[in-house]
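Colleague: Please read through the structure below; I'll follow up with questions.
Taken together, the values in this text are just the output of simple stated rules run on the coordinates, not laboratory data. Because the structure is predicted, anything quoted here is derived from the model rather than measured. FYI the Cβ positions are ideal-geometry reconstructions off the backbone, even for glycines, and counts take in every protein chain you see.
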Amino acid sequence: MSTSFPAILDAAHRRCFVGGEPMLFHCHHYNTFLQRSIQDAYYIESRPFLIGGAAEVAHAQLLSLFRELHLESAAERMAVASELYRWAGFGTFDLSSLGPDGGSVATTSSHYAMAWRAKWHGASSPVCLFASGWLAGAAAAVFGLPNGSFNVSHETCRASSESPTCIFELARAAANYPVFAPVGAGPLTEHRPRSIDTAPVDYEGIFGALTGMEIVGDANGVIPAFGVFLTRHYANYYNRISFEFLRSAIAQFGDAGREVVEPLLIEAGHVCAFNTFGGIMTSSEWDALIRPNLTTREHWVHGMTAAANALGWGRWQVREVSTRGAEFILHDDYESIGHLGMYGRAQNNVSYLAEGGAIGLMNLVYYGDIASKPTLDETFYDRLFKGEGGYCAKVERSQAMGDDVTVIHVRHV
Amino acid sequence: MPKTLYEVLQWAKENGEVKAVDRIRVFVLPNALREGVILAAVNPKTACSREFLAEVRKAAEAVVGKPCPN
């Protein structure tokens, strides 16, 4: 399905850009787990930055796209914005009811509401905060206004009510969310991939094959793939909400705040790896494209690491792989680059998704025996990870802290 | 029937999701600091106020999704 906007593959940095915003794949498990973890901390006012982070990326991206495509009329702009939203797997939005003073938008398809229902059978309050912010930012861009021109409310949500629709109200009034300065691509570097013997795994071939696949939203703005609901989400949204969460916790509670937040951000990555990596490694695409060349478990780790390069998370390599552990080398991991762009150099490593992902990959291959195609459900997850055993990790080098790459050592517990 | 902080957390571990205790730590962080209790290091001898125990029990029930036997 062709689109009316360009999605640019930057193979050198293992990124995909749309309107200057880096976009990457994440599944509904990660999206819901991350947001729930943030909202569990009721004493942190997270709703504003969960909305503001989305307004930031939508506004910056669409302004750029409208310029690039020479779109002048609100109708043309709305059409492209709606198409992009659907393409990315966020659901559907008909923006035609909006005007420069705001308006009401209802949708029967919203990723977060669907995801909450799929994973937790519903929610106690509306969950489509990303959609709220995206809508506010998009509307401002459509009408040529600065980000923060609309106040947004979302009182009716399919996840928390019997309503068949999620409803959003926009009003031309002071923003009820912070207006963040967008950072776009961030300070990407020239990659110097390590020389690693990956035979028989063809990293470049796998990268080319996976990035060539048409993984986009269907008519309802849903991407069912690899046993999960995927989104082509904004790297800068994840970064903004994760780092605002962490910074708020540290501001209120010092190191105790960090110690409580970091394990949950890492666990979000672990959950993501279990479901998305696991889904990929048990898929028919994996069986056809990658599995035929794999004869050892070490090959499986290399194969999935090669595949991770197509997710838009940065360049992933792995070496010294064995049942004892592995060393993951990441160029321009999106969390480090996001932190550098948003907040400058970090005092601690910030590659939480990457850390959880690397642990999850090793757990899947060596501990969960993914080659035997287990059913990837909560029962299996609990059985594997409630007891002792499995893998842990230490981030030895961090690009966010000034190193040239991020290095994660994973070892057997 | 869980009566102490340690027992409530054990109940949450056994009945809840993999990182149930990490979630509870987030819920009760402000009062854990006031109590001087490090939830990651609770042992059978860890003492706390009745109010804090009640808060942890409530958080555990929210995380597990069912009442903690009392």
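Colleague: Taking R0 as 35 Å, what's the FRET efficiency between B:N31 and A:Q347 from their Cβ-Cβ distance, rounded to 0.05?
Modeller: Numbers: r = 27 Å, r/R0 = 0.78.
FRET efficiency, B:N31 to A:Q347: 0.80.
Colleague: Normalised by the number of residues in chain A, what is the relative contact order in percent for Cα pairs under 8 Å and 6+ residues apart? List each step's numbers first, then the result.
Modeller: On the way: 816 pairs, mean separation 76.9, N = 413.
That works out to 19 percent.
Colleague: Also: Which peptide among A:64-75, A:4-15 comes first, and what is the full order, when sorted by highest mean count of other Cβ atoms within 10 Å?
Modeller: So the order, starting with the most tightly packed, is A:4-15, A:64-75.
Colleague: I need the P(r) histogram for the range B:5-63: all alpha carbon pairs, bin width 5 Å from 0 out to the longest distance, whole percents.
Modeller: Binned Cα distances yield the sequence 4, 22, 37, 27, 10, 1.
Colleague: Can you give the FRET efficiency for A:E214 and A:A118, using 1/(1 + (r/R0)^6), R0 = 30 Å, r = Cβ-Cβ distance, to the nearest 0.05? It would help to have the intermediate numbers written out before the result.
Modeller: Values: r = 23 Å, r/R0 = 0.77.
The formula returns an efficiency of 0.85 here.
Colleague: Using only Cα atoms, tell me the angle between helix B:50-64 and the longest principal axis of chain B; keep it within 0 to 90° and round to the nearest 10.
Modeller: In chain B, helix B:50-64 runs at an angle near 30 degrees to the longest axis.
Colleague: To continue, here is another question. Show that you can apply the helix-only estimate: for the protein assembly as shown, add -39,500 (n - 2.57) for every DSSP H stretch of four or more residues, divide by all residues, and state [θ] at 222 nm to the nearest 500.
Modeller: Numbers: 17 runs with 212 residues, N = 483.
That comes out to -14000 deg cm²/dmol.
Colleague: A further question on this structure: Using the structure shown, select from A:K119/A:K394; A:K373/B:K66; A:K119/B:K19; A:K119/B:K66 the pairs with a Cα to Cα distance greater than 25 angstrom. Don't skip to the end; give the middle numbers.
Modeller: Working: A:K119/A:K394 30 Å; A:K373/B:K66 32 Å; A:K119/B:K19 16 Å; A:K119/B:K66 17 Å.
Pairs exceeding 25 Å: A:K119/A:K394; A:K373/B:K66.
Colleague: Shielding of B:12-21 by partners, i.e. mean partner chain Cβ atoms within 10 Å per residue? Before the final figure, lay out the partial values.
Modeller: Numbers: counts 0, 1, 1, 0, 2, 8, 11, 11, 1, 1.
Taking all residues of B:12-21 together, the mean is 4.
Colleague: Just grab the label-to-label distance for A:R172 and B:N70, each label 7 Å out from Cα along the Cβ direction, in nm (one decimal).
Modeller: 5.4 nm
Colleague: Compute the separation of the alpha-carbon centres of the range A:236-307 and the range A:1-75 and state it in Å as a whole number.
Modeller: The range A:236-307 and the range A:1-75 have Cα centres spaced 19 Å from each other.
Colleague: If you don't mind, another one. Ignore the peptide's own chain and count Cβ atoms of other chains within 10 Å of each Cβ in A:340-353; give me the average, rounded.
Modeller: Numbers: counts 0, 0, 0, 0, 0, 0, 0, 0, 0, 0, 0, 0, 0, 0.
Other-chain Cβ atoms within 10 Å of each residue's Cβ, averaged: 0.
Colleague: Binning at 10 angstrom from zero up to the longest distance, how are the C-alpha pair distances of the protein assembly as shown distributed in percent?
Modeller: Once binned at 10 Å, the Cα pair distances of the protein assembly as shown give 4, 20, 30, 27, 15, 4, 0.
Colleague: With each pseudo-label sitting 7 Å past Cα toward Cβ, what's the A:R411-A:V179 distance in nm, one decimal?
Modeller: 5.0 nm
Colleague: Further question: Mind ranking A:139-146, A:357-364, A:215-222 by how tightly packed they are, going by the mean number of other C-beta atoms within 10 angstrom, highest first?
Modeller: Values: A:139-146: 20.2, A:357-364: 28.1, A:215-222: 17.1.
Per-residue mean Cβ counts within 10 Å order the peptides as A:357-364, A:139-146, A:215-222.
Colleague: If packing is taken as the mean number of other Cβ atoms within 10 Å per residue, what is the order of B:28-34, A:302-308, A:341-347, highest first? The partial results should precede the final answer.
Modeller: Values: B:28-34: 17.6, A:302-308: 26.4, A:341-347: 14.7.
Order by mean packing, descending: A:302-308, B:28-34, A:341-347.
Colleague: If you bin the C-alpha pair distances of the range A:225-314 every 5 Å from 0, what whole percents do you get?
Modeller: 3, 12, 17, 20, 14, 12, 10, 7, 4, 2, 0
Colleague: Now a separate question. Once both axes come from the Cα atoms, what is the angle between helix A:352-362 and the longest principal axis of chain A, in degrees from 0 to 90, rounded to 10?
Modeller: That helix lies at roughly 40 degrees to the long axis.
Colleague: Between A:S153 and A:D197, what length in nm is gained on full extension when 0.36 nm per residue of separation is reduced by their alpha carbon distance?
Modeller: 10.5 nm
Colleague: Calculate the translational D of the range A:308-383 in whole µm² s⁻¹ from Stokes-Einstein, where the hydrodynamic radius comes from the Kirkwood formula applied to all Cα pairs, the temperature is 10 °C and the viscosity 1.306 mPa s.
Modeller: On the way: Rh = 14.2 Å.
So the translational diffusion coefficient is about 112 µm²/s.
Colleague: Helix A:255-272 versus the longest principal axis of chain A: what is the Cα-based angle in degrees, 0 to 90, to the nearest 10?
Modeller: For helix A:255-272, the angle is close to 80 degrees.
Colleague: Can you give the average number of partner chain beta-carbon atoms within 10 Å of each beta-carbon in peptide B:29-35, as a whole number?
Modeller: Working: counts 12, 7, 1, 3, 6, 0, 0.
Taking all residues of B:29-35 together, the mean is 4.
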